[in-house]
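Student: Quick one: the structure is below, and I'll ask about it shortly.
The values are calculated or read from the model by the stated rules, or taken from the named source; none is laboratory data. Because the structure is a prediction, the values reported are computed rather than measured. Note that we place each Cβ from the backbone using ideal geometry, even for glycine, and neighbour counts take in every protein chain shown. With ligands, DNA and RNA removed, areas are computed over all heavy atoms of the protein, side chains included. Shrake-Rupley method; radii C 1.70, N 1.55, O 1.52, S 1.80 Å.
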Amino acid sequence: MTTENKRVAMVVHDYFEQVEMTEVRQLLEAEDIDVDLIATEADEVHGLHHVELGDVFTVDKTIDEVTTSDYSAVVLPGGVVNGDQLRIVESALDFIQAMYNDDKPIAAICHAPWVLISAGLADGHTMTSYKTLRDDIQNADGIWVDQEVVTDGNIITSRNPNDIPAFAHAIIDALND
């Protein structure tokens, strides 16, 4: 199987860690994987460079306009504000749970595993994240490890922007399975 004809939903709220969206998207698109930027409600979203305002990005679709049959995988960029806000959007959680139930890859980096916790997907899974989420993952009955990338079933997690190459490679590998 190849990544040809694969489409990834990159789901964000607003004020996400920009590099975790742009670099991952670039690496996926270099493998001929189509990537749609999906937002919770806005036509435009803002990136952040940690705490500094980044660029504005045009959204391809909103979460209410997509279905799981449209996508081969979902990628969740991090960022404190993004992760904290995305985890309370019921339509986003429903989409992520449905992708998980369809056994499609769910990839979350940095603070995005908060969304997996709120979607009920941490229980029993081994994950990594930004180090400040360790207690949250453990309190959700997940197993937290400090590794560059962790793949547990169809859940892929990474810690921070330094892990982007390994994170993107794990997503590509999952799409090739």
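Student: Within 12 Å of the chain's Cα centre (by Cα) and either surrounded by 20 or more Cβ atoms within 10 Å (Cβ to Cβ) or not hydrophobic (A, V, I, L, M, F, W, C) (or both): is that true of residue 96 in this structure? Steps first, please.
Tutor: Numbers: within 12 Å of the chain's Cα centre (by Cα): yes; either surrounded by 20 or more Cβ atoms within 10 Å (Cβ to Cβ) or not hydrophobic (A, V, I, L, M, F, W, C) (or both): yes.
Yes.
Student: Can you find a residue in segment 59-73 that is among the hydrophobic types (A, V, I, L, M, F, W, C), under 21 Å from residue 169 (Cα atoms), touching a residue at least 24 places away in the same chain (Cβ under 8 Å) and crowded, with 21+ Cβ neighbours inside 10 Å?
Tutor: Yes, there is a match, as at least one residue in segment 59-73 is among the hydrophobic types (A, V, I, L, M, F, W, C), under 21 Å from residue 169 (Cα atoms), touching a residue at least 24 places away in the same chain (Cβ under 8 Å) and crowded, with 21+ Cβ neighbours inside 10 Å.
Student: Could you list, in sequence order, all residues of segment 125-138 that are within 18 Å of residue 93 (Cβ to Cβ) and open to solvent by 10 Å² or more (accessible area, probe 1.4 Å)? Before the answer, list the steps.
Tutor: Pass one, segment 125-138, residues within 18 Å of residue 93 (Cβ to Cβ): 125, 127, 129, 133, 136-137.
If the condition is that a residue be within 18 Å of residue 93 (Cβ to Cβ) and open to solvent by 10 Å² or more (accessible area, probe 1.4 Å), then 125, 136 are the ones that fit.
Student: Can you report the number of residues in segment 1-43 which are over 17 Å from residue 174 (Cα atoms), β-branched (Val, Ile, Thr) and at pLDDT below 95?
Tutor: 1
Student: Note down all Cβ pairs under 8 Å where the first residue falls in segment 1-12 and is within 14 Å of residue 63 (Cβ to Cβ), the second is assigned to a loop (DSSP other than H, G, I, E, B) and at pLDDT 95 or above, and they're at least six residues apart or on different chains.
Tutor: Correct list of pairs: 9/66; 9/71; 10/77; 12/77.
Student: When you go through (1) open to solvent by less than 80 Å² (accessible area, probe 1.4 Å); (2) more than 19 Å from residue 65 (Cα to Cα); (3) touching a strand residue (DSSP E or B) at 6+ places or on another chain (Cβ under 9 Å) one by one for residue 151, which number turns out not to apply?
Tutor: Result: residue 151 fails condition (1) only.
Student: Let me ask you something else. So if I check each of 93, 116, which one is under 23 Å from residue 46 (Cα atoms), modelled with pLDDT of 95 or more, outside any strand (DSSP E or B) and in contact with a strand residue (DSSP E or B) (Cβ under 7 Å, 6 or more places away or on another chain)? So that I can check it myself, show each step before the final result.
Tutor: Values: 93 fails: in contact with a strand residue (DSSP E or B) (Cβ under 7 Å, 6 or more places away or on another chain).
Selected residue: 116, the only one of 93, 116 that is under 23 Å from residue 46 (Cα atoms), modelled with pLDDT of 95 or more, outside any strand (DSSP E or B) and in contact with a strand residue (DSSP E or B) (Cβ under 7 Å, 6 or more places away or on another chain).
Student: Here's a follow-up. Looking only at segment 26-39, count how many residues are open to solvent by 10 Å² or more (accessible area, probe 1.4 Å) and in contact with an Asp or Glu (Cβ under 8 Å, 6 or more places away or on another chain). Reasoning before the result, please.
Tutor: Start the filter on segment 26-39 by keeping residues that are open to solvent by 10 Å² or more (accessible area, probe 1.4 Å), which leaves 26-27, 29-32, 34-36.
Filter once more, keeping what is in contact with an Asp or Glu (Cβ under 8 Å, 6 or more places away or on another chain): 32, 35-36.
The qualifying residues number 3.
Student: Using the structure shown, decide if residue 121 is touching a strand residue (DSSP E or B) at 6+ places or on another chain (Cβ under 7 Å) and assigned to a strand (DSSP E or B). Spell out how you get there, then give the answer.
Tutor: On the way: touching a strand residue (DSSP E or B) at 6+ places or on another chain (Cβ under 7 Å): yes; assigned to a strand (DSSP E or B): no.
Spelling it out, it is not the case that residue 121 is touching a strand residue (DSSP E or B) at 6+ places or on another chain (Cβ under 7 Å) and assigned to a strand (DSSP E or B).
Student: Also, quick follow-up: Looking for something touching a strand residue (DSSP E or B) at 6+ places or on another chain (Cβ under 9 Å) and at pLDDT below 95 - is there at least one such residue anywhere in segment 60-83?
Tutor: Checking segment 60-83: not a single residue is touching a strand residue (DSSP E or B) at 6+ places or on another chain (Cβ under 9 Å) and at pLDDT below 95.
Student: Quick one: would you say residue 108 is surrounded by fewer than 22 Cβ atoms within 10 Å (Cβ to Cβ) and either modelled with pLDDT of 95 or more or polar (S, T, N, Q) (or both)? Show your work before the answer.
Tutor: Values: surrounded by fewer than 22 Cβ atoms within 10 Å (Cβ to Cβ): no; either modelled with pLDDT of 95 or more or polar (S, T, N, Q) (or both): yes.
Taking the combined requirement at face value, the residue does not satisfy it.
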